[in-house]
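Notes follow the structure.
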């Protein structure tokens, strides 16, 4: 079983072509419960031999004493014919196990939504490092020697770093965080022309590890990207005033299948079990996953919107606009055009 990224998993199998097992856990003991759920859902659809063959990679992975599963940390595990992989998640997740015709992708959409790149300039006493980071990595890009005594040399170095960032990232709009002493951070801010310098945090000792810096900057970025989510929510209310939104699930299904969703908002902790009828564009709902033909409708809607080039915003329940389950901004069609399209 190999470690994969969300983007790699997205490319593994086309929805509806194979039976796919998806498991999300926060600790090792969660896996036992997840496998029991997989057996329950699959008992009427597969023979015991077929099921044992499908879950064998998971059980092998589970028995690796020194493997990733040996640690209690959040992860997603995915198996289909001729493929098995796992993702170490950078946050806790709702424990869930599904057997369906596509992988359960919603928690990974949250990861992709938050896994945006950012820059860190780290000031040490006689060295300055430029890093590019995201939720799961912290990579050194450039190193600059400087001096804590010769201020003119330090200023020249600061200007060089600023010029490099401006030139390399002027279109990427990557947020920049400064790390180091307050004196160095303030001095750099005076010469910086970078528009996306968002935050800094100070420490006076030089024993701050890279792991701690990474964790601290991720915390800072969580607040920054939360503001972006809030801006998307604000856009929803603006578009609602223009009659360009819906929180009706039947309408969302119809718009999604026609590629008319610009942005869909879905509840990260809610599962609506059932199936989408692609011929009638209607939903059937169940209290739980009955068999391998069922799936989380919210997860299916997210995949459909992404496949049609729309955006997906995964939110906690208290931030959901209009509806607890899903809400959507519709692409720029008039209601008259929608009527002609059969909506």
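Hey, quick one: spin label on residue 28, modelled 7 Å out along Cα-Cβ, who in the stretch 82-99 has an amide N within reach, i.e. under 13 Å?
none
Tally the DSSP beta bridges in the chain and give the antiparallel ones as a percent, rounded to 5. Intermediate results must be reported in sequence, preceding the final value.
Values: 42 of 58 bridges.
Restricted to the chain, the bridges split so that about 70 percent are antiparallel.
Going 7 Å from the Cα of residue 3 in the Cα-to-Cβ direction, what parts of the stretch 70-98 have a backbone nitrogen less than 16 Å from that spot?
Answer for this model: 70-78, 85-91.
Relative contact order for the stretch 242-340: what percent, with Cα pairs under 8 Å and sequence separation of 6 or more? Working shown, then result.
On the way: 172 pairs, mean separation 42.5, N = 99.
Once normalised by length, the contact order is 43 percent.
Have a look at the DSSP beta bridges in the stretch 118-226 and tell me what percent are antiparallel, nearest 5. Spell out each step's value before the answer.
Values: 13 of 22 bridges.
The answer is about 60 percent antiparallel.
Normalised by the number of residues in the chain, what is the relative contact order in percent for Cα pairs under 8 Å and 6+ residues apart? Provide the component values of the computation, followed by the final result.
Values: 560 pairs, mean separation 54.2, N = 343.
Relative CO of the chain lands at 16 percent.
Can you tell me how much longer the chain between residue 127 and residue 92 gets when fully stretched, taken as 0.36 nm per residue apart minus their C-alpha distance, in nm with one decimal? Kindly include the intermediate steps, with their values, before the conclusion.
On the way: separation 35, 0.36 × 35 = 12.60 nm, distance 3.56 nm.
Between residue 127 and residue 92, full extension yields 9.0 nm more.
With an 8 Å Cα cut-off and a minimum separation of 6 or more residues, compute the relative contact order for the stretch 118-226 in percent. Intermediate results must be reported in sequence, preceding the final value.
On the way: 147 pairs, mean separation 27.1, N = 109.
The value is 25 percent.
Starting from the Cα-Cα distance between residue 250 and residue 168, subtract it from 0.36 nm times their residue separation and give me the gain in nm to one decimal.
On the way: separation 82, 0.36 × 82 = 29.52 nm, distance 4.53 nm.
Extending this stretch completely gives an extra 25.0 nm.
Taking neighbour counts of Cβ atoms within 10 Å as a proxy for exposure, in what order, fewest first, do 143, 19 appear? Numbers along the way, then the final one.
On the way: 143 10, 19 19.
If I rank by nearby Cβ atoms, fewest first, I get 143, 19.
List 155, 2 from most exposed to least, where exposure is judged by having the fewest other Cβ atoms within 10 Å.
Working: 155 15, 2 8.
Final ranking by Cβ density, sparse to dense: 2, 155.
To test your reading of the geometry: what angle, between 0 and 90 degrees and rounded to tens, separates the Cα axis of helix 30-42 from the longest principal axis of the chain?
On a 0 to 90 degree scale, this one is about 30.
To check you understand DSSP bridge types, tell me what percent of the beta bridges within the stretch 242-340 (both residues inside) are antiparallel, rounded to 5.
Working: 13 of 18 bridges.
Of all bridge pairs located within the stretch 242-340, approximately 70 percent are antiparallel.
Treat the count of other C-beta atoms within 10 Å as a stand-in for reagent exposure and order 91, 158, 105 from fewest to most. Can you show the working numbers first?
Working: 91 13, 158 22, 105 25.
Ordered by Cβ neighbours within 10 Å, fewest first: 91, 158, 105.
Quote to one decimal, in nm, the extra length available between residue 238 and residue 282 on full extension: 0.36 nm per residue of separation minus the C-alpha distance between them.
Values: separation 44, 0.36 × 44 = 15.84 nm, distance 2.76 nm.
The span from residue 238 to residue 282 would gain 13.1 nm if fully extended.
Roughly what would the spin-label model give for residue 81 and residue 117, points 7 Å off Cα along C-beta, in nm?
The answer from the label model is 3.8 nm.
Once the Cα atoms of helix 48-62 and of the chain are each reduced to a long axis, what angle between those two axes, in degrees from 0 to 90 to the nearest 10, is obtained?
Helix 48-62 sits at roughly 20 degrees to that axis.
Read the figures in this text as sums done on the coordinates, not as results from a lab. Predicted model only: the values in this text are computed from it and were never measured. Ideal geometry is used to build each Cβ from the backbone, glycine not excepted, and the neighbour counts take in all protein chains shown.
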